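Report on one structure; see the data block that follows.
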Amino acid sequence: MTIKHVNSNASIEELLEIIDQDAGVIIDNVLSQSQLNKITEELNPFLANTKEGQDDFTGFNTRRVGALMARSPECRVLALDPLINDLSKRFLEPHSDGYQLHFTSAIDIAPGESEQILHRDRGVWGGYIPRKIETQLSTVWAITDFKKENGATQVVPGSHKWDRNRKPLEKEICFAEMKKGSVFIYTGSVIHGGGANISGENRLGVFLHYAPTWLRQEENQYLSCPPHIAKDLTPELRALMGYSKGGYVLGFYSDPEDKNGELESVSPEKMFGDFRDKYGFINSADKLVSDSSNRE
Ligand SMILES: O=C(O)CCC(=O)C(=O)O
Ligand SMILES: [Fe+2]
């Protein structure tokens, strides 16, 4: 078993088909060297200021930096990547009218790190969402090369369809090995985890995850990128973070200072189409006068 690689001309249909079978796919060589340099420069001061994790999930030689929409202009470009956004929309639309940014993190695995506990990211919501429903599409942008030796993400292709308690065999575990500038896409239901770093170099990835607009985001975007920063971002990015309604009235707000909303962004109709049908609105004229025509 391996993780399939495609190039950036891959169609959404092709990507969806591989994701349905394996729950993971790599698109090779998407970012330019100048984008990689910018991301590294933007993240370095924050990584330098961050302590390593403190348990076997967060790792003892791994640094994690969040709030990437507030902190890194180039990561904003990644979050809005058109192919990834089209794919997220298509992947999540069977269960949601819209999707949003769910999580942002730069994960830097340093030499000496051991492997992360294997897990399914959907565990963040507890055991409450039926496993039939896919509620997360995740991306890992490789800022350095991802190699088995330097901590490339471990992944068990196909495990999104497994019984909850099935454990992977050693030979079923693959590594998301890819060149820097590539992006690994995986789902919230697949078993995966960071790899051990037995090399002499760091492994840096930018993790950007997407989820339906009706679910609580793993990273609170309103606190991580508060209004005084969000007001200078594009309406599209604000909408993606949740500074927009997730449906006709889902997530509405009233401006406590009664100013004219400088955070107004994309209209719900533009994002979700006509909402009337979704609500099952019944116009006065359509109400039935007798109850006989309505019953089986
Ligand atoms: O660092 C990695 O490759 C994976 C990290 C991960 O899966 C997580 O923290 O949830
Ligand atoms: Fe994970």
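The values are calculated or read from the model by the stated rules, or taken from the named source; none is laboratory data. Here the structure is a predicted model, which is why all the values come from computation and not from measurement. Here the Cβ positions follow ideal geometry from the backbone for every residue, glycine too, while neighbour counts run over all protein chains shown.
Selection of the range 77-105 for residues being at pLDDT 95 or above and either basic (Lys, Arg) or in contact with a Lys or Arg (Cβ under 7 Å, 6 or more places away or on another chain) (or both) yields Lys89, Arg90, Tyr99, Ser105. Looking across the range 173-224 at every residue that is among the aliphatic types (A, V, I, L, M), within 14 Å of ligand 1 (Cβ to nearest atom) and part of a loop (DSSP other than H, G, I, E, B), the one that is nearest to Arg76 (Cα to Cα) is identified as Ala176.
Could you list all residues from the range 80-116 that are within 16 Å of ligand 2 (Cβ to nearest atom), among the polar types (S, T, N, Q) and touching a strand residue (DSSP E or B) at 6+ places or on another chain (Cβ under 7 Å)? Answer for the range 80-116, where residues must be within 16 Å of ligand 2 (Cβ to nearest atom), among the polar types (S, T, N, Q) and touching a strand residue (DSSP E or B) at 6+ places or on another chain (Cβ under 7 Å): Thr104, Ser105, Gln116. Residues of the range 86-119 that are within 15 Å of ligand 1 (Cβ to nearest atom) and assigned to a strand (DSSP E or B): His102, Phe103, Thr104, Ser105, Ala106, Ile107, Asp108, Ile109, His119.
Within the range 18-37, is even one residue closer than 18 Å to Ser224 by Cα and in contact with a helix residue (DSSP H, G or I) (Cβ under 7 Å, 6 or more places away or on another chain)? Steps first, answer last, please.
To start, the set of residues in the range 18-37 that are closer than 18 Å to Ser224 by Cα comprises none.
Scanning the range 18-37 turns up no residue that is closer than 18 Å to Ser224 by Cα and in contact with a helix residue (DSSP H, G or I) (Cβ under 7 Å, 6 or more places away or on another chain).
Of all residues in the range 13-65, those satisfying the criterion of being among the hydroxyl-bearing types (Ser, Thr, Tyr) and more than 24 Å from Ile198 (Cβ to Cβ) are Ser32, Ser34.
Taken over the range 120-169, the residue count meeting the criterion of being more than 10 Å from ligand 1 (Cβ to nearest atom) and part of a loop (DSSP other than H, G, I, E, B) is 26.
For Lys167, the conditions (1) surrounded by fewer than 18 Cβ atoms within 10 Å (Cβ to Cβ); (2) in contact (Cβ under 8 Å) with a residue 12 or more places away in the chain are fulfilled apart from (2).
Touching a residue at least 12 places away in the same chain (Cβ under 8 Å), buried (at least 16 other Cβ atoms within 10 Å of the Cβ), under 16 Å from the mean Cα position of the chain (by Cα) and within 15 Å of ligand 2 (Cβ to nearest atom): does that describe Ile191? When the stated conditions are applied, Ile191 passes them.
Listed by position, the helices (runs of 4 or more DSSP H) enclosed by the range 1-77 that each have at least 1 residues that are touching a residue at least 12 places away in the same chain (Cβ under 8 Å) and acidic (Asp, Glu) are 12-22, 33-48.
In contact (Cβ under 8 Å) with a residue 12 or more places away in the chain, over 19 Å from Glu218 (Cα atoms) and surrounded by fewer than 20 Cβ atoms within 10 Å (Cβ to Cβ), is that true of Gly158?
Details: in contact (Cβ under 8 Å) with a residue 12 or more places away in the chain: yes; over 19 Å from Glu218 (Cα atoms): yes; surrounded by fewer than 20 Cβ atoms within 10 Å (Cβ to Cβ): yes.
Considered against the rule, which asks whether it is in contact (Cβ under 8 Å) with a residue 12 or more places away in the chain, over 19 Å from Glu218 (Cα atoms) and surrounded by fewer than 20 Cβ atoms within 10 Å (Cβ to Cβ), Gly158 comes out as yes.
Note on the range 13-45: among residues that are over 21 Å from the mean Cα position of the chain (by Cα) and either over 16 Å from Ala142 (Cβ atoms) or at pLDDT below 95 (or both), the one that is surrounded by the most Cβ atoms within 10 Å (Cβ to Cβ) is Asn44.
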